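The values are calculated or read from the model by the stated rules, or taken from the named source; none is laboratory data. Since the model is a prediction, treat every value here as computed from it, not as a measurement. Cβ placement follows ideal geometry from the backbone for every residue including glycine, while neighbour counts extend to all protein chains displayed.
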Amino acid sequence: MNSLKLYDEAREFIGKNHTAYYWQKNFYMQILTTIFYELLTDKTSPLLSRFCADNSIHNLDVQNFKILYTPPSYDKLPSAADMYLTLYGLKILFSENLDACSKTYDRQNFQNNIFRGQSLGETYAQSITNFFYEIDDSLKNFQQAEKIIEVPVEKVVQVPVEKIIEKPVEKVVEKVIEVPAAPQIVSDTESADLLKALGEIAKNRKSDDEKIIDEIKKVQQSVQGELSAIQQSLKQISEIRDDIDFRGMKEPIYQLIQLYHKLDDNLKRHPMADKDKGYAALIKRCESFLKYVAQSLKMLGVELINETGKTFDPDKNKVADDAPVSLDSTVTKIVKAGFVYKGQILEKAEVICK
């Protein structure tokens with residue numbers, strides 16, 4: 001679902017549930033992360049384009065993403081307040097992280113007017129324009145950071161200093177001062193002066209070579225420092241993306257988990273179909289629906305912890321009946337399934353061990 005469809009869904013839902021603060025915030029955070037990904041991958045966002053059309057904002061001189069100007073949707077309210085709050089949150093998301101957006105939402109009490117289709121006074125027009133240009137600059141910085149990070153660290157410096165200068169300086173000097181014996185016509189004094197001069201040249205050459213070695217080492221140290229900074233930037237960007245990914249998926253995952261538990265609990269309370277065929281068919285449909293929920297969770301990256309016959313794992317299991325258990329105990333029954341998302345335990349499985 002793109003940002004525009006998500007926004008329309010939020011407007012419709014909040015219009016029917018005016019006091020649903022949790023859902024207001026949830027919609028707001030999902031819309032921000034969706035626009036964030038759209039700008040990074042598609043270089044445009046349908047919701048930002050709709051905002052500009054509905055509020056008569058044209059000719060923005062942004063360089064790193066596009067506004068696709070479309071006719072305004074006159075069946076909708078101007079929604080300038082939604083536009084302001086969305087751009088404000090998006091600016092914070094680019095400069096900080098998703099936690100900062102969440103805290104800002106709570107601090108500014110946005111829920112009083114978000115998704116109400118309200119308009120704003122002219123004093124906010126310049127702020128909205130400034131937000132667009134700040135987001136444009138932030139997007140440029142992200143793109144530049146990704147280009148730097150594309151070069152593997154190992155390929156930046158392939159040859160250590162020791163390989164650049166394979167031969168000791170002393171051996172280089174030896175070749176410099178190797179001269180043929182002076183002809184017989186040169187006197188002993190002239191020969192001595194010549195050897196002395198060549199010795200001075202060799203001495204100066206050795207000093208210059210040592211300076212070159214020192215400079216090369218300084219350059220290598222500088223490059224290593226830059227590489228460390230690049231690696232740190234790569235780690236931070238990876239953490240931001242992982243955080244956005246998990247927070248965007250967290251709410252639908254937990255909703256499916258709760259639905260799974262309710263169906264599973266009902267089936268366990270009625271394990272045997274009675275004589276009524278209609279009841280048996282209902283049980284069968286519930287079992288089928290439970291499988292669909294499990295498949296939906298798996299498609300979202302969530303795995304069930306529901307295997308018996310395995311050794312008790314305190315990181316994934318908890319004892320349902322509070323009975324004592326040892327690390328070599330075997331799981332004999334799953335009372336309540338557990339769930340894990342990309343190595344992160346969402347819920348431990350409640351088990352009975354033997």
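Hand me the list of strands (runs of 3 or more DSSP E) wholly inside the stretch 301-342 holding 1 or more residues that are more than 25 Å from residue 258 (Cβ to Cβ).
Details: elements: 302-305, 317-319, 331-336, 338-341.
In the stretch 301-342, the matching strands (runs of 3 or more DSSP E) lie at 331-336.
Counting the residues of the stretch 48-70 that are in a loop (DSSP other than H, G, I, E, B), at pLDDT 85 or above and either more than 14 Å from residue 83 (Cβ to Cβ) or not assigned by TED's automatic domain parsing to the domain that holds residue 38 (or both) gives 6. When we screen 325, 340, 331, 335 for residues that are surrounded by fewer than 18 Cβ atoms within 10 Å (Cβ to Cβ) and of a type in the set (A, V, I, L, M), the only hit is 335.
Can you find a residue that is buried (at least 16 other Cβ atoms within 10 Å of the Cβ), among the β-branched types (Val, Ile, Thr) and either in a loop (DSSP other than H, G, I, E, B) or in the same structural domain as residue 239 (by TED's automatic domain parsing) (or both) anywhere in the stretch 275-298? No, there is no match, as no residue in the stretch 275-298 is buried (at least 16 other Cβ atoms within 10 Å of the Cβ), among the β-branched types (Val, Ile, Thr) and either in a loop (DSSP other than H, G, I, E, B) or in the same structural domain as residue 239 (by TED's automatic domain parsing) (or both).
None of 33, 41 is touching a helix residue (DSSP H, G or I) at 6+ places or on another chain (Cβ under 7 Å) and of a type in the set (Val, Ile, Thr) except 33. Within the stretch 259-281, track down each residue that is of a type in the set (Ser, Thr, Tyr) and modelled with pLDDT of 75 or more. The one that is of a type in the set (Ser, Thr, Tyr) and modelled with pLDDT of 75 or more: 260. Evaluating residue 114 against the criteria (1) under 21 Å from residue 139 (Cβ atoms); (2) buried (at least 19 other Cβ atoms within 10 Å of the Cβ); (3) modelled with pLDDT under 80 leaves one unmet condition, (1).
Per-residue answers, yes or no, for (1) part of a helix (DSSP H, G or I); (2) more than 18 Å from residue 342 (Cα to Cα); (3) in contact (Cβ under 8 Å) with a residue 12 or more places away in the chain:
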site: 214; (1), (2), (3): yes, yes, no
site: 220; (1), (2), (3): yes, yes, yes
site: 238; (1), (2), (3): yes, no, no
site: 244; (1), (2), (3): yes, no, yes
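Scanning the stretch 193-216 for residues that are modelled with pLDDT of 80 or more and touching a helix residue (DSSP H, G or I) at 6+ places or on another chain (Cβ under 6 Å) yields a count of 1.
Out of curiosity, is residue 25 of a type in the set (Lys, Arg), farther than 20 Å from residue 134 by Cβ, in the same structural domain as residue 86 (by TED's automatic domain parsing) and surrounded by fewer than 21 Cβ atoms within 10 Å (Cβ to Cβ)? Considered against the rule, which asks whether it is of a type in the set (Lys, Arg), farther than 20 Å from residue 134 by Cβ, in the same structural domain as residue 86 (by TED's automatic domain parsing) and surrounded by fewer than 21 Cβ atoms within 10 Å (Cβ to Cβ), residue 25 comes out as yes. For the stretch 19-47, the tally of residues that are part of a loop (DSSP other than H, G, I, E, B) and under 11 Å from residue 3 (Cβ atoms) stands at 2.
Of all the residues that make up the stretch 39-66, how many are in contact with a strand residue (DSSP E or B) (Cβ under 7 Å, 6 or more places away or on another chain) and crowded, with 19+ Cβ neighbours inside 10 Å?
As a first pass, look at the stretch 39-66 and keep what is in contact with a strand residue (DSSP E or B) (Cβ under 7 Å, 6 or more places away or on another chain): 43-44, 65-66.
Now drop any that are not crowded, with 19+ Cβ neighbours inside 10 Å, which leaves 65.
Here the count works out to 1.
Pairing residues of the stretch 308-326 that are of a type in the set (Val, Ile, Thr) with residues that are assigned to a loop (DSSP other than H, G, I, E, B), at Cβ distances under 6 Å and at least 6 apart in sequence or on separate chains, gives 319/325; 325/312.
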